[in-house]
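Trainee: Input: one structure, supplied below.
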Amino acid sequence: MQEKFNHIDVERAAQDHWQAKDAYRVTEDSSKPKYYACSMLPYPSGKLHMGHVRNYTINDMLTRQLRMKGFNVLMPMGWDAFGLPAENAALKNKVPPAQWTYENIAYMKKQMQAMGLAIDWSREIATCDPEYYKWNQWLFLKMLDKGIAYRKTQVVNWDPVDQTVLANEQVIDGRGWRTGALVEKREIPGYYLAITQYAQELLDHVQMGNEKATLTGWPDKVRLMQENWIGKSAGVRFAFTHDIKGADGNLIQDGKMYVFTTRADTVMGVTFCAVAPEHPLATYAAADKPELAAFIEECKKGGTTEAELAVREKEGKPTGLFVTHPITGAQVEVWIGNYVLMSYGDGAVMGVPAHDERDFLFANKYNLPIKQVVAVEGQAAYDDKQWSDWYGDKERGVLINSGELNGLNHKDAVQAVAKIVGDKGLGELKTTWRLRDWGVSRQRYWGTPIPIIHCEDCGAQPVPEKDLPVVLPQDLVPDGSGNPLIKSEAFHAGVVCPCCGKPARRETDTMDTFVDSSWYFMRYCDAKNSEQMVGAGADYWMRDQNLATGGSGMDQYIGGVEHAILHLLYARFWTKVMRDLGLLKIDEPFTKLLTQGMVLRGAYSQKLPSGAKEYYWEKDVDVATCTLKADGSKLDYEMTTMSKSKNNGVDPQDLIEKYGADTARLYTMFTSPPELTLEWNESAVEGSYRFLRRVYNFGTKLAGMDMASAVAGVAGAQSLDDVEFSKAAKALRLEIHNVLKQVEYDYSRMQYNTVVSGAMKMINALEDFKALDDAGAKVALIEGFGILLRVLYPATPHVAHVLWSELGYASHMGDLLDAAWPQLDPKALVQDEITLVLQVNGKLRGSILVAAGADKATIEAAALAHEEYQKFAEGKTPKKIIVVPGRLVNVVI
């Protein structure tokens, strides 16, 4: 073997070996327990970042270690290849998104292979491949047939210049991110998936404290985030009546403006109602009021989510309309509020400013009445100009100023209000959900075509299953004037209506890319199956083998916490739909979930006059003074997520070329527990490299000694009972096996940072071992180094493989890929002698060495004979001697 550590040669040798063996191809094997571990698939943006390196190394360590323990382990990889970034790149570079995407996939795959990941590339998928998205279309048609998919009008953000719908995050200060045009809200038809049909089951399986919960292997914070997003609320839905008639002479909404509230106990404190800008009462009021019409148009600018509305300045306009309070009969003024969403509830809310902070601020802004109807014992007098948290306290509050409801607590008051409005036929107790059906239509090009044909006579018709996939043209180049599919003659050529046979046009909307990522992990199981969406592979890999049906599928899922809500929720929904269509036997897709922490690095920035930040690369900064080298101007420093936009990223390729893939892997595992953030430290990277060099150098040292017989002895022996070990050799074995015991526990809980710490303890013990004077010593050394290589192998497979092969372990114990995980030897943990702390009058004075089985009298004698005791005792007779077995002896004088 080479005398000096050269990571390039080491990694090339290992990867050539694995490639020649096709080492990571996995097939279904009923003779072994299966384990499916999968990382969230990346978007092919161009290059891997250090977050990718960390994520995939976690998965790789898990895969390799479990394979050594006898599991049949699957670690696949694919590409979340559809989406807007490819269209943006196409606009910029004037190339088709397909070209940009496939070039990036090729480069990123090469980077992954350079990392030495144990990926079964035979199962690789790209979501832009027609053989993949065919099944998106197929399942969409099945959902359409079952009523899970349906078409309705939706409110969207419309960029009038680009002629396209924008996601909420693409709307900045009310303008399109690219064109700067004022964004409009438009109602356009689109397709929805009825995820709300599964709301209760989605909640039951994730909710902490629910006896039906199955996702106990998920982080609590993720479960809570999903629970809150699903948002089950129990309350009262009731109507404020009115006699307002529309242009057709009929009462608008049958004369009932419905609201839903979880605080029905405060109904006597209503002083106004607010409706969404799209509400029929708002439309009616604005018909002859230009100022209201202008306000409604202004409300249409900006995003459409609750999150955006929460931070927006609350604004409103009175409509001049009034509705009737359902209990008091009082007339209540109706306002239009920019914070009310038509898509949530009934598009109207009751305003109780005394006990809702949002309403309180709104009422003070517009000088609306505030009526206190809840009191909390022990609190100061109510101040209608300064909000206090107790105003909204429903747990301790009792009703006041509420007529027959006075004195009731929240729970009893809600029941009472529900009965009152129920007796009047105006409302009832109701459970509502924050979760809304999933709108999957996107007015963009680079995505899965929605398999619908539009006929002037027959309307929207599903594409016949035999005609799937509807193939997306890959040669179109977006030019910023809208979806190029609309103008593509080839896309619509020859299309006829499935019902009447007349010429027709294809649907040009494409599917939300969350559709692609909702089931890709199942497709890995049957990646080449052209006849079925999922088949026998999914039944093997995506199933709890302890259950005939039900339970969860994938054993371990790994990815960023930024996907904790939407991606994971949609994947759970998709799984349940596939189950109900008879495609799967499981209820949930992921048994265990690990959300790895972000990779952070320092960033240098300067605030511009516009208020924006400009970031600078560290090479352009005088780090000592935190100033810009170019002009000496002062910079701000922050520890933040690595990002190209912040000029603080580290290119994994540069790191691999300089230090090697094993160093990159080791560093990302050692520096922080997987679920916590990792702060980048260049000196620690160098420290990881030095550690690997130490391991390699120790291996070359062993190679230069006559260790062949010792290797054969360790490999061939069923046990080492017959080996004569010296005192020093026993001490080495004790240390190695103690560390192995801890390391195995750390592997089981995926605490890979302490696994690496254990490996470092092992090399320290091996280097410190000097007694090579007999065969037993050599056996202890070879055994210890063999354990170290197997412990280290999942983290740094290249150097471990080369040393394992060069030192002869492979010849006797097989390829490290499938070498058995080292067994803990209980006899190695048995100590001949133990060290006890020596105390005199409770103070530490040294230590004593006694036989492991020494009785109390022997321990006492050893303590009294110790020179430290004799020095402090000064000839005095001890009053008593306290022995704590295995720990200490305290002599009281």
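The values are calculated or read from the model by the stated rules, or taken from the named source; none is laboratory data. Only a predicted model underlies this, so the values are computations on that prediction, with no experimental measurement involved. Here Cβ is always computed from backbone atoms with ideal geometry, including for glycine, and neighbour counts include all displayed protein chains.
Trainee: Show me the helices (runs of 4 or more DSSP H) found entirely inside the range 281-396 where at least 2 residues are within 25 Å of T431 (Cα to Cα).
Mentor: Of the helices (runs of 4 or more DSSP H) lying wholly inside the range 281-396, those with at least 2 residues that are within 25 Å of T431 (Cα to Cα) span 306-311, 357-366.
Trainee: Under 7 Å between Cβ atoms, which residue pairs at least 6 apart in sequence (or on different chains) link something in the range 81-108 that is touching a residue at least 60 places away in the same chain (Cβ under 8 Å) with a partner that is basic (K, R) and crowded, with 17+ Cβ neighbours inside 10 Å?
Mentor: Short answer, once both residue conditions are applied: L84/R444; E87/R444.
Trainee: If you don't mind, there's one more thing I want to ask. Could you check the range 510-544 and list, in sequence order, the residues that are touching a residue at least 60 places away in the same chain (Cβ under 8 Å), surrounded by fewer than 19 Cβ atoms within 10 Å (Cβ to Cβ) and within 13 Å of L584 (Cα to Cα)?
Mentor: The answer is A536, and nothing else.
Trainee: Only one of (1) touching a residue at least 60 places away in the same chain (Cβ under 8 Å); (2) small (G, A, S); (3) assigned to a helix (DSSP H, G or I) is not met by A819, so which one is it?
Mentor: For A819, the exception is condition (3).
Trainee: While we're looking at this one, here's another question. May I ask you to verify whether G602 is more than 19 Å from I558 (Cβ to Cβ), touching a residue at least 40 places away in the same chain (Cβ under 8 Å), surrounded by 13 or more Cβ atoms within 10 Å (Cβ to Cβ) and out of contact with any strand residue (DSSP E or B) (no Cβ under 8 Å at 6 or more places or on another chain)?
Mentor: Considered against the rule, which asks whether it is more than 19 Å from I558 (Cβ to Cβ), touching a residue at least 40 places away in the same chain (Cβ under 8 Å), surrounded by 13 or more Cβ atoms within 10 Å (Cβ to Cβ) and out of contact with any strand residue (DSSP E or B) (no Cβ under 8 Å at 6 or more places or on another chain), G602 comes out as no.
Trainee: In addition: Considering each of L141, L117 in turn, give the residue that is touching a strand residue (DSSP E or B) at 6+ places or on another chain (Cβ under 9 Å) and either assigned to a helix (DSSP H, G or I) or modelled with pLDDT of 85 or more (or both).
Mentor: Being touching a strand residue (DSSP E or B) at 6+ places or on another chain (Cβ under 9 Å) and either assigned to a helix (DSSP H, G or I) or modelled with pLDDT of 85 or more (or both) holds for just one of L141, L117, which is L141.
Trainee: Out of E315, E291, report the one residue that is out of contact with any helix residue (DSSP H, G or I) (no Cβ under 6 Å at 6 or more places or on another chain) and surrounded by 15 or more Cβ atoms within 10 Å (Cβ to Cβ).
Mentor: On inspection, the qualifying residue turns out to be E315.
Trainee: Let me ask you something else. Please determine, by comparing only the residues of the range 188-234 that are among the charged types (D, E, K, R) and part of a loop (DSSP other than H, G, I, E, B), which one is surrounded by the most Cβ atoms within 10 Å (Cβ to Cβ). Break it down stepwise before answering.
Mentor: Our first condition is that a residue be among the charged types (D, E, K, R); within the range 188-234, this holds for 201, 204, 211-212, 220-221, 223, 227, 232.
Keeping just the survivors that are part of a loop (DSSP other than H, G, I, E, B) gives 211-212.
Values: E211: 6, K212: 11.
For the range 188-234, the residue satisfying everything is K212.
Trainee: Tell me which of these Y520 doesn't satisfy, since it passes every other one: (1) at pLDDT 95 or above; (2) in contact with a Lys or Arg (Cβ under 9 Å, 6 or more places away or on another chain).
Mentor: It is condition (2) that Y520 fails.
Trainee: Here is a follow-up. Any residue at all in the range 697-711 that's modelled with pLDDT of 95 or more, touching a helix residue (DSSP H, G or I) at 6+ places or on another chain (Cβ under 9 Å) and of a type in the set (A, V, I, L, M, F, W, C)?
Mentor: Within the range 697-711 (the criterion being modelled with pLDDT of 95 or more, touching a helix residue (DSSP H, G or I) at 6+ places or on another chain (Cβ under 9 Å) and of a type in the set (A, V, I, L, M, F, W, C)), the answer is yes, since at least one residue qualifies.
Trainee: Any residue at all in the range 253-269 that is surrounded by fewer than 18 Cβ atoms within 10 Å (Cβ to Cβ), assigned to a loop (DSSP other than H, G, I, E, B), modelled with pLDDT of 95 or more and in contact with a helix residue (DSSP H, G or I) (Cβ under 9 Å, 6 or more places away or on another chain)?
Mentor: yes
Trainee: Follow-up question, since we're still on this one. Name, by its number, the condition in (1) of a type outside the set (K, R); (2) modelled with pLDDT of 95 or more; (3) within 18 Å of G439 (Cα to Cα) that does not hold for I244.
Mentor: Going through the list (1) of a type outside the set (K, R); (2) modelled with pLDDT of 95 or more; (3) within 18 Å of G439 (Cα to Cα), I244 breaks only (3).
Trainee: Moving on to the next point. Being loosely packed, with under 12 Cβ neighbours inside 10 Å, out of contact with any Gly (no Cβ under 9 Å at 6 or more places or on another chain) and not small (G, A, S) is the requirement here; does E489 meet it?
Mentor: So E489 passes the test.
Trainee: May I pose another question? If M750 meets every condition in (1) in a loop (DSSP other than H, G, I, E, B); (2) modelled with pLDDT under 90 apart from one, which number is that one?
Mentor: Against the list (1) in a loop (DSSP other than H, G, I, E, B); (2) modelled with pLDDT under 90, M750 comes up short only on (2).
Trainee: Just to be sure I understand the filter: pairs with C-beta atoms under 6 Å, separated by 6 or more residues or on different chains, first member in the range 681-704 and in the same structural domain as L772 (by TED's automatic domain parsing), second member exposed (fewer than 15 other Cβ atoms within 10 Å of the Cβ) and of a type outside the set (A, V, I, L, M, F, W, C). Which pairs pass?
Mentor: Cβ pairs passing all conditions: T700/E3.
Trainee: Using the structure shown, decide if A460 is outside the structural domain of C499 (by TED's automatic domain parsing) and not polar (S, T, N, Q).
Mentor: Answer is no for this residue.
Trainee: Go through the range 438-530 and tell me which helices (runs of 4 or more DSSP H), entirely inside it, have 2 or more residues that are in contact with a helix residue (DSSP H, G or I) (Cβ under 6 Å, 6 or more places away or on another chain).
Mentor: By residue number, 513-516.
Trainee: Kindly check whether there is at least one residue in the range 161-174 that is over 23 Å from T432 (Cα atoms), part of a strand (DSSP E or B) and without any contact (Cβ under 8 Å) to a residue 60 or more places away in the chain.
Mentor: Checking the range 161-174: at least one residue is over 23 Å from T432 (Cα atoms), part of a strand (DSSP E or B) and without any contact (Cβ under 8 Å) to a residue 60 or more places away in the chain.
Trainee: Then there's this: Taking the condition out of contact with any His (no Cβ under 6 Å at 6 or more places or on another chain), of a type in the set (G, A, S) and at pLDDT 95 or above, does A89 pass? Steps first, please.
Mentor: Details: out of contact with any His (no Cβ under 6 Å at 6 or more places or on another chain): yes; of a type in the set (G, A, S): yes; at pLDDT 95 or above: no.
So A89 fails the test.
Trainee: Mind counting the residues in the range 46-76 that are of a type in the set (A, V, I, L, M, F, W, C), part of a loop (DSSP other than H, G, I, E, B) and over 10 Å from A118 (Cβ atoms)? First the steps, then the outcome.
Mentor: Narrowing the range 46-76 to residues of a type in the set (A, V, I, L, M, F, W, C): 48, 50, 53, 58, 61-62, 66, 68, 71, 73-75.
Filter once more, keeping what is part of a loop (DSSP other than H, G, I, E, B): 48, 71, 75.
When the remaining residues are screened for being over 10 Å from A118 (Cβ atoms), the result is 48, 71.
Summing the residues that are of a type in the set (A, V, I, L, M, F, W, C), part of a loop (DSSP other than H, G, I, E, B) and over 10 Å from A118 (Cβ atoms) in the range 46-76 gives 2.
Trainee: Taking the stated definitions as given, is C500 assigned by TED's automatic domain parsing to the domain that holds Y150 and either closer than 21 Å to S441 by Cα or modelled with pLDDT of 95 or more (or both)? It would help to see each step written out before you state the result.
Mentor: Working: assigned by TED's automatic domain parsing to the domain that holds Y150: yes; either closer than 21 Å to S441 by Cα or modelled with pLDDT of 95 or more (or both): yes.
Yes: the conditions hold for C500.
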